[in-house]
Structure formats: C-alpha cells, structure tokens
Amino acid sequence: MNISNELLEKYHLNTCTAEERRMVEEWLFNTDVGDLDTTILTQDKNSIKQEIWQEIETVLPQAVKPLPKRSNAYLMWKGAIAAAVLITIAGTIVYFVFASKPVAQADYLALNNPSALHVKYIDATGYDVALGPNTTAKINNIDGMIDLTGSIMISPKKDISLVFEGTDKKVTLLKGQTYIILKNKTGVKSIIVISERNLMDLPPVMQKQLSTQFDI
Amino acid sequence: MNFNSIIKFSIIAIFAFCFFGCKERKSANQKDAKYSLYILAKDGKEYLLTSNTLDSGELKPEISGVYLDPKDMDRDVFVKDGFFYHLNRKSNRFSKFKLENGKLITAGFVDIKDFSIENFNWIGKDSLLLTGLNLSGYNHSKYGFINTTKMETITQGDMEIPAPSGKYTTLSIGFVEKKGNTLLVGYTYHLAQGVSNYLTSDTLYVSELSYPQMKLIGTQKDTRSTYPGGINTIQSYNFKDEKGDYYFQSCPGIALGNHPDLPTGIFKIEAGEKKIDPKYFFNISASKIQNHAYGMWYLGGNKAIIRSERKDLFKGLGDHYSTAHFEFYVLDLLSQSVTKLNLPLDKGTRRECVIVEGNTAYISVNSTREGNYIWLYNIKTGALKKGLQLGGDTDFIMRIDRLKD
C-alpha cells in the first residue's frame, strides 16, 4: 500500500477520489503492522540525530540574551495604556454596580441606607451586602478598614479581613458564609460580628429582630 | 469472556459488595444509636452524628456525620423516640425527620403559619404542645397541638396572655408547665430598639390558663428577677423533681434578659400549687458563682447543674459566644450550696449540653485549649473524666440528645 503524505493531506482536506479514500481508510483502520517502512532505520543514525538537535536548538532559550532596550517613551506609553484600560474597566464595573451610590474610588466603598424601614441589597464585586435601616458603611478594600454605623449582613465571595476603624478589632470573614455585623456606639464592646450559623447565640429578642429585618 | 474481563468484573463486584455492605451497617447503627450530637464545624457546616456510647472514642463530623442543609435545619431541633422535630420559620413547615442511610429523611410534616416556637411540651406520647408567638411581630401568644404520629394539627389558637402594652412592644415565653387542668406560662415583656438594643421589663409574670381552652384565670408577678426560662428548643431552663416540685431559672444576664442589674435566680412552684413559692429564691448571682447563668439540668436528689458565664473573660455580646468562659456548677436546691466542676472553660452562649443517665451526667464541653469532649460526671462520687471526643473539624458541640429513652 502506498500512502504518501500528499495523499493523507488530500484525505484530510476531503479532496481525494473514492478510490483514494478507500485506500487511506483501509490503511488507517488496518491493525496489522506489516507495512511499516523500515528503510529509514538503515540510514545514518548520526545524521538524523544531528538534524533533531538542530531543530531543538531553534526553540531552546539562548544563553542570557540581553533584553532589547526599550525607550522611556515606550515604557511610559505602555504604563499609561495599561492604566487607562484598567481604570476604564474598573470605572465601568463600579458605575454599573454602584450607579446610585456615592463612590469615591474603586477601592473604597461608601454605602448608605437612609431608610428607617427598608433593607438595601447591594451586589458588590467582593461580597453581597444587605444594609439595615439607618446604616452607613465605608469599606476600604485595600487595607480592609471598615467604618460602620448600623447593621449589615455580608456574604464575601472570597475570604476577607476587616479592621474596625478606630479599634484594633480585626475579623476574618470566610467565603461562602453569611455574617451579621452590628455597630452602634463607638468602641470595641459595641461591635458584634457573628456568623448566621451562630445567630441563635444572640439574645432571642435581637435574633428575632435580625431575622425579620434581613429575612433570614 | 477473556481473563481480563473476569478480573475487571471481580474488582467491580468486590467494590460494590464493600460499598453496599458498609452502607448497610452504617444505617443500622444510626437507626439503633442511643445518642445524637449536633455539630457546628469550623467551616460553618453543620452535621448530625450518632453514637451508641458517649463514654469513649472519637468522632469526626466531616467523616461520619450527616451533613445538614442550613435551609432546612438549625439547632432549635428537639428529639423524641428517634425522631427529630423542627420548625422552619421561613417555610412555616414543622417537620419530623429520621436518620436513614446516612441522610436526614422527612417522615412527615404539618404547616403552622405565622408561628415562632418559644417552648415545646410533650403532653402525651404523641401529643405535642407548641407554644409561641406570631412571627409577624412577636407580640401575640399562640399555641398548636400536634399529633406527631399523624403529623396533624389537633387544635390551634391564641393563648390569653396579656399582650405587651405601654412602652413594651414584644414578649418572650420562657416556660410552660401543665398542672392538672391548667397551664402555667412564664413570660416577660420587651422594648425592642432596632436590631442592636432592647430593654426587658424588671418583672417576670406567670399566668394560669385553663386547659385546653387557654383562657386566662390569673397572673402572678415577681420582681426578684426577670426573664423566666428561655426558648427550650435550644436549651433547658427548668425541670420537675421526684416530688413534683417545679423549678425554673431566670436569665436577666446580657445573653437573654439584658437586665444585668437583677440577679440570676431559681424559683420554685411546689407540687400541687399553681403559684411561685414566695419563700423560695436561690440567688445564683449572690452565691459564690458571682455571675449570671443560662441553662439548668436536673441531676436527681435535689441536685442540678447550672451553666454560668464569666464576666471577667468576655467583652460583650460580640465575643460572648466565641470566647471560652462558661463554667459548670452543681447546685444543691435545698441547702443552696454550690460546687464548681473542675472542667475546662466552655464556649457557646446557648447549648443543650447535659444528659443525665443514672449516676452519670454527660456534659459536652467546647474547650479552646483542650478540644471538644463529652465529660462524664459521677453524681455520687463527684469524679470527672473525659469521654467521647469530637475531633476533626468540630468547632462547637451545639447539642447532645438521647435518641431513645
């Protein structure tokens, strides 16, 4: 059977005749190994070796090749373009997510729910937040500083650490869990951070209020 | 069939045999197990474990526990004759569950609308009295009689408990006790101020209702303490002794009544009486405990265990549940003496953590340093020793229950 490279190519391009197709398929589905062309083995092994090494060398890394020097203008433009793209993307996301809220910058969230009755739900990039009535929350996403007055229910999309402004109280909130955070007066004693699964450890009167407020 | 196929088939057959074989054995264990343990793991997942003994061994919830879907289950679940009973407030569904083949299976349900359970009482073998409040405001007292064999409501309606008035907006029912053809109901009133703050009246009330009509006969007030009892699906606060004398605890500490200037105390209603004994008051806060307490279990022979907080070890409600600061004391109800149990400090504000069997009290302790163990207290000798360990991912043993009496 004479199966050449050209014939195989034709077969794959679907341009061969019915006869050729039959030949190729017969060859492809035949499990006998008798047709293997062994003439190549008789060729000079060294020359083949040489050839392979030459091919490999073309893809091997060169011995410490100095990087081409870029001009300062190039670096400046590269940085500027990257920054512009990032700012545009971040700006677009923040615009769509927080269209109705005052936002100073992307790393800093300022949330406010002035309603005395209703809860406000916000789907931020890093977490889902429900703001209780009369609640303001400022979260700095870079240093994790949180300034809160009121009550929030928060479900982080990844593990996050928060530090309460003006205190050394630091908490880590785990991805996939829901937490209630309450803070009304100043000082660490008034801060309550509790997982929804521990809600029943709070006084029943508070627990009932929270369940009603956040529809838990 | 060639040799390879035979080998493959045999391997699959052996695996299948092992798998089903093991599963069978596990379910048999769960069905006959004597105890259940409700675990909250470090990653926030909850599990039910079963065991035939609490005396020794180790269990890891993530390995042998039944995973509980947080949408359906919480630790305000109570156990009788191998079944678990729980009200899902959001779906209004009161369900009966059983453990089968490594899963919690619904064995029946009945819908109870606009209801939040404050207390449950078994009136008969399969008649359950649920007392509680309206979900829509927690200011209105309601009840439901359930036949738990058929999971049907026999009757339901309002209890003639005076609704909150004046500055008070809600109430808490802390205990319900059937005495002949009347029902004694202990409660108090609150003023809720948003989600972070509330006030409790400085008075506790016990109303006598006709049974089963639930009509008001009379109300007694007591100002020696406030917030009688608590929600008994989460923790126990009362019991009846061998004579039929009824004891209940008051909980004015920050974790329940939030009236910490009043003392935690134990009150008595004598057998045959329908009023609080005015001569009896066991002042826990004035005893050498010098703290508030929440949770009380009867050991027999006029002795009880109480679980008390350590105000010097927590800062406020924010760390009350997560800091290990709880101590256990044995009380003599007659002589009013207290004996501290030499156990590690325990964490978790509210837990159903004591089972009494003969001369042994099994006490579950969540220690930050020493791990989570069931401790065995010998009521006769006072000896304490470690029993079953809850290892692996266990963060809190939330409750321990006897599956069958």
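Screening B:Ile63 against (1) modelled with pLDDT of 95 or more; (2) farther than 28 Å from A:Asp201 by Cβ; (3) in a helix (DSSP H, G or I) leaves a single unmet condition, (2). Based on this model, can you work out whether B:Lys215 counts as free of Cβ contacts under 8 Å to residues at least 24 places away in the same chain and on the phi < 0 side of the Ramachandran plot? Taking the combined requirement at face value, the residue does not satisfy it. In this structure, B:Ser116 qualifies as small (Gly, Ala, Ser), modelled with pLDDT of 95 or more, surrounded by 14 or more Cβ atoms within 10 Å (Cβ to Cβ) and within 24 Å of A:Gln207 (Cα to Cα).
Residues are listed down the side, and each one gets a yes or a no for (1) modelled with pLDDT of 95 or more; (2) over 20 Å from B:Gln389 (Cβ atoms); (3) more than 14 Å from chain A (Cβ to nearest Cβ):
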{"residue": "B:Glu24", "(1), (2), (3)": "no, yes, yes"}
{"residue": "B:Ala28", "(1), (2), (3)": "no, yes, yes"}
{"residue": "B:Lys31", "(1), (2), (3)": "no, yes, yes"}
{"residue": "B:Ile39", "(1), (2), (3)": "yes, no, no"}
{"residue": "B:Tyr47", "(1), (2), (3)": "yes, no, no"}
{"residue": "B:Asp55", "(1), (2), (3)": "yes, no, yes"}
{"residue": "B:Leu59", "(1), (2), (3)": "yes, no, yes"}
{"residue": "B:Leu68", "(1), (2), (3)": "yes, yes, no"}
{"residue": "B:Met73", "(1), (2), (3)": "no, yes, no"}
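If you go through the stretch A:179-198 one residue at a time, do you hit one that is within 23 Å of B:Leu40 (Cβ to Cβ), in contact with a Lys or Arg (Cβ under 7 Å, 6 or more places away or on another chain), free of Cβ contacts under 8 Å to residues at least 40 places away in the same chain and not hydrophobic (A, V, I, L, M, F, W, C)? No, the stretch A:179-198 contains no residue that is within 23 Å of B:Leu40 (Cβ to Cβ), in contact with a Lys or Arg (Cβ under 7 Å, 6 or more places away or on another chain), free of Cβ contacts under 8 Å to residues at least 40 places away in the same chain and not hydrophobic (A, V, I, L, M, F, W, C). The residue that is farthest from B:Trp297 (Cα to Cα), among those in the stretch B:324-365 that are within 14 Å of another protein chain (Cβ to nearest Cβ) and out of contact with any Ser or Thr (no Cβ under 8 Å at 6 or more places or on another chain), is B:His325. Only strands (runs of 3 or more DSSP E) whose full extent lies in the stretch B:195-269 are considered here, and the ones with at least 2 residues that are within 12 Å of chain A (Cβ to nearest Cβ), of a type outside the set (Gly, Ala, Ser) and buried (at least 16 other Cβ atoms within 10 Å of the Cβ) are B:197-200.
A:Ile194 meets the conditions (1) hydrophobic (A, V, I, L, M, F, W, C); (2) touching a Ser or Thr at 6+ places or on another chain (Cβ under 8 Å); (3) within 12 Å of chain B (Cβ to nearest Cβ) in every case but one. The failed one is (2).
Considering only the stretch B:75-116, how many residues are part of a strand (DSSP E or B) and more than 14 Å from chain A (Cβ to nearest Cβ)? Count: 22. Taken together, the residues in the stretch B:142-167 that are in a loop (DSSP other than H, G, I, E, B) and surrounded by 11 or more Cβ atoms within 10 Å (Cβ to Cβ) amount to 10. Of the numbered criteria (1) within 31 Å of the chain's Cα centre (by Cα); (2) surrounded by fewer than 19 Cβ atoms within 10 Å (Cβ to Cβ); (3) within 11 Å of chain B (Cβ to nearest Cβ), the one A:Thr212 fails is (1). Being within 30 Å of A:Ile191 (Cα to Cα) and not basic (Lys, Arg) holds for only one residue in B:Val195, B:Val185, B:Val176, and it is B:Val195. Within the stretch A:168-179, is even one residue away from chain B (no Cβ under 12 Å) and over 31 Å from the mean Cα position of the chain (by Cα)? The answer is no, given that none of the residues of the stretch A:168-179 is away from chain B (no Cβ under 12 Å) and over 31 Å from the mean Cα position of the chain (by Cα).
B:Thr188 falls short on exactly one of the conditions (1) polar (S, T, N, Q); (2) more than 26 Å from B:His86 (Cα to Cα); (3) within 14 Å of another protein chain (Cβ to nearest Cβ), and that condition is (2). The set of residues from the stretch A:173-198 being at pLDDT 90 or above and assigned to a strand (DSSP E or B) comprises A:Leu173, A:Tyr179, A:Ile180, A:Ile181, A:Leu182, A:Ile192, A:Val193, A:Ile194, A:Ser195.
The values are calculated or read from the model by the stated rules, or taken from the named source; none is laboratory data. Keep in mind it's a predicted model, so treat the numbers as computed, not measured. Because the Cβ atoms are built from the backbone with ideal geometry, glycine has one as well, and the counts that use them run over all protein chains shown.
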